1. Give the residue, chosen from Val327, Val316, that is assigned to a loop (DSSP other than H, G, I, E, B), aliphatic (A, V, I, L, M) and in contact with a Lys or Arg (Cβ under 8 Å, 6 or more places away or on another chain).
2. Take the residues in region 34-56 that are within 16 Å of Thr78 (Cα to Cα) and not in a loop (DSSP other than H, G, I, E, B), then tell me which one is modelled with the highest pLDDT.
3. Which count do you get for residues in region 298-322 that are closer than 16 Å to Val268 by Cβ and at pLDDT below 90?
4. Can you find a residue in region 412-428 that is more than 24 Å from His41 (Cβ to Cβ), in contact (Cβ under 8 Å) with a residue 60 or more places away in the chain and outside any loop (DSSP other than H, G, I, E, B)?
5. Just one of (1) under 29 Å from Ala214 (Cα atoms); (2) assigned to a strand (DSSP E or B) trips up Gly243, so point out which.
6. Can you confirm whether Pro258 is surrounded by fewer than 24 Cβ atoms within 10 Å (Cβ to Cβ) and modelled with pLDDT under 95?
7. I'd like to check something: does region 378-390 contain any residue that is among the aliphatic types (A, V, I, L, M) and under 21 Å from Pro282 (Cα atoms)?
8. Tally time: how many residues in region 131-184 are more than 27 Å from Ser246 (Cβ to Cβ) and in a loop (DSSP other than H, G, I, E, B)?
Amino acid sequence: MANTAVIGLQWGDEAKGKIVDILTENHDIVVRYQGGANAGHTVVMGGQTFKLSLIPSGIFRSGVQCVIANGVVVHPKTLLVEIEALQARGVRVGNNLTVSSRAHVILPWHVEEDRILNDCPTGEAIGTTLRGIGPCYRDKIGRSHAVRVGDFYESGWRERIIAVAEAKRRMLEPLGVSADNPALDAEAICREYSGYADRLRPFVADTTQFLLDAVDSGKRILFEGAQGALLDIDHGTFPYVTGSNSSGVGISAGSGVPGRHIHKVLGVVKAYCTRVGGGPFPTEQDNDVGQLIRDRGNEYGTVTRRPRRCGWFDAVAARYTARLSGVDALAVMLLDVLSALPEIRICTAYELDGERTERFPDHVERLRRVKPIYESLPGWQREIREARRLTDLPTNARKYLDRLAEVVGRPVEIVSVGPDREQTMFAV
């Protein structure tokens, strides 16, 4: 297998971490290229469950180099806690992890800004995780108040922190943040982040050059997307999105690897749909069906533990994100969750202002007005978690997978019927 990307095609939480963990066996490098500690990947192996927020899911495979690339925003304390937690459980984290010197740093004032913005929404709350990710990305684009990982290893970094803290004080005081707020204490922040920088120094490098060298030398690279394509800052359900390009179009900007070097894109979907936070969700089932899916699928955030909104599979959205991300094939996850249902629905089109459409709307207010057009398929009402081959699945389960492939327009190559590595089937 050559260079591969794993992209979530829904609103995140599609169980991408499991797929990355499995595919890592055939790759030399795993790259996390966007997002922050608001994204969580769960990997289950040997009866143990590991929850990751910044470190790539390939960390569990020996001989694999994991890269946190330039497109990620890093909260140093969170990263160090994650490293130490993995090491305490016997997972090797050392020179097999590299952090980009170009990655931007989340500082205390970013978390404070996140809180203020969340408390003063201009409409329906976006549903931020309050980890400072959006404000950090805003400073990255604004440039003047941005701090990158590599800055801490150059002279003058303390003066920069002090200057930015003063600028933030002037900006935040009118919003009710007192001058003595710890989030603006430049001297304390310098002491704290100096310690973080010392501990992270062995991991920090120019990952852009590293990955370009890897491409030139024929290394096999696996790109690990965080969140999902419908949360893409440019192409998702704006403003109910994340702060980065979480679809396939973000790979090159977030890693420095040109698109011509990405040979295969695998789109990951759940067999149903979920989302967290605000925003329209056409196929949401705020009823007993939705609660059954939530309970059977343990649909609570990996990082936040927030209950996820649950609904039927939306093929209109998945078709759009599969095209947007250049997807070659699908991985369908959590098929087992639907096993208790006598009837399963797929949204194959929308009704928008009285007209049928198979295109995903470009504005959130138009998406809010759509009515899903469903087709129904019979369920299989049999537990399938012991299945290890596609032929082990009930006929109606196989028909459901065939229909998903047909309405999305991409073949199904991987099917998951449980969280463990062994509960995964390959069509090819």
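1. So the residue among Val327, Val316 that is assigned to a loop (DSSP other than H, G, I, E, B), aliphatic (A, V, I, L, M) and in contact with a Lys or Arg (Cβ under 8 Å, 6 or more places away or on another chain) is Val327.
2. In this case the residue turns out to be Gly35.
3. Total meeting the criteria: 1.
4. No: zero hits.
5. Just one mismatch for Gly243, condition (2).
6. Spelling it out, it is not the case that Pro258 is surrounded by fewer than 24 Cβ atoms within 10 Å (Cβ to Cβ) and modelled with pLDDT under 95.
7. No; the residues of region 378-390 include none that is among the aliphatic types (A, V, I, L, M) and under 21 Å from Pro282 (Cα atoms).
8. 9
The values are calculated or read from the model by the stated rules, or taken from the named source; none is laboratory data. Fair warning: this is a prediction, and the values are worked out from it, not measured in the lab. Neighbour counts are summed over all protein chains in view; Cβ atoms, including those assigned to glycine, are modelled from backbone coordinates with ideal geometry. Note: areas computed on protein heavy atoms with side chains; ligands, DNA, RNA excluded. Shrake-Rupley method; radii C 1.70, N 1.55, O 1.52, S 1.80 Å.
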